[in-house]
1. I'm checking my understanding of the structure. Among residues of the range 24-66 that are farther than 30 Å from Gln10 by Cβ and in contact with a helix residue (DSSP H, G or I) (Cβ under 9 Å, 6 or more places away or on another chain), which one is modelled with the lowest pLDDT?
2. Of (1) in a strand (DSSP E or B); (2) of a type in the set (A, V, I, L, M, F, W, C); (3) exposed (fewer than 10 other Cβ atoms within 10 Å of the Cβ), Val46 satisfies all except one. Which?
3. Take the residues of the range 25-41 that are of a type in the set (D, E, K, R) and assigned to a helix (DSSP H, G or I): which is surrounded by the fewest Cβ atoms within 10 Å (Cβ to Cβ)?
4. Restricted to the range 1-24, and to residues that are of a type in the set (A, V, I, L, M, F, W, C) and part of a strand (DSSP E or B), which residue is nearest to the chain's Cα centre (by Cα)?
Amino acid sequence: MSIANGICDQSGFKVKLKRLKGQWDSAKVLPDWRDPRPKQLQVPSVRENMFVANMRPEQQSVFTSTTQADILQQIQNNGL
């Protein structure tokens with residue numbers, strides 16, 4: 001049974017494929033040649049507040065009277 005060979009993406013050495021490890025940028029490298037992930041590429045864990053206070057404020061009523069009796073009185077006064 002033959003074992004496959006691979007080339008380290010960092011050093012360029014020809015080594016057995018099972019010795020190569022994956023790196024954060026999906027490169028296959030020897031364990032001694034691995035680079036840590038840069039801090040600039042790490043996503044910060046900040047939660048955003050998606051709540052918007054008072055998105056639709058209450059509007060003033062378009063009706064001048066609030067009781068049913070007042071509405072009926074206005075209808076009669078206007079001749080409807």
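1. Kept after step one, since they are farther than 30 Å from Gln10 by Cβ, are these residues of the range 24-66: 46-66.
Keeping just the survivors that are in contact with a helix residue (DSSP H, G or I) (Cβ under 9 Å, 6 or more places away or on another chain) gives 63-65.
Numbers: Phe63: 63, Thr64: 58, Ser65: 52.
Selected residue: Ser65.
2. (1)
3. So in the range 25-41, the residues of a type in the set (D, E, K, R) come out as 25, 28, 32, 34-35, 37, 39.
Add one more test, that the residue is assigned to a helix (DSSP H, G or I), and what stays is 32, 39.
Working: Asp32: 8, Lys39: 6.
So the residue we want is Lys39.
4. Let us first name the residues in the range 1-24 that are of a type in the set (A, V, I, L, M, F, W, C), namely 1, 3-4, 7-8, 13, 15, 17, 20, 24.
From what's left, part of a strand (DSSP E or B): 7, 15.
Numbers: Ile7: 37, Val15: 40 Å.
Per the stated criteria, the residue is Ile7.
The values are calculated or read from the model by the stated rules, or taken from the named source; none is laboratory data. Since the structure is predicted, the reported quantities are computational estimates derived from the model, not experimental observations. Methodologically, a virtual Cβ is constructed for each residue, glycine included, from the backbone with ideal geometry; neighbour enumeration extends over all protein chains shown.
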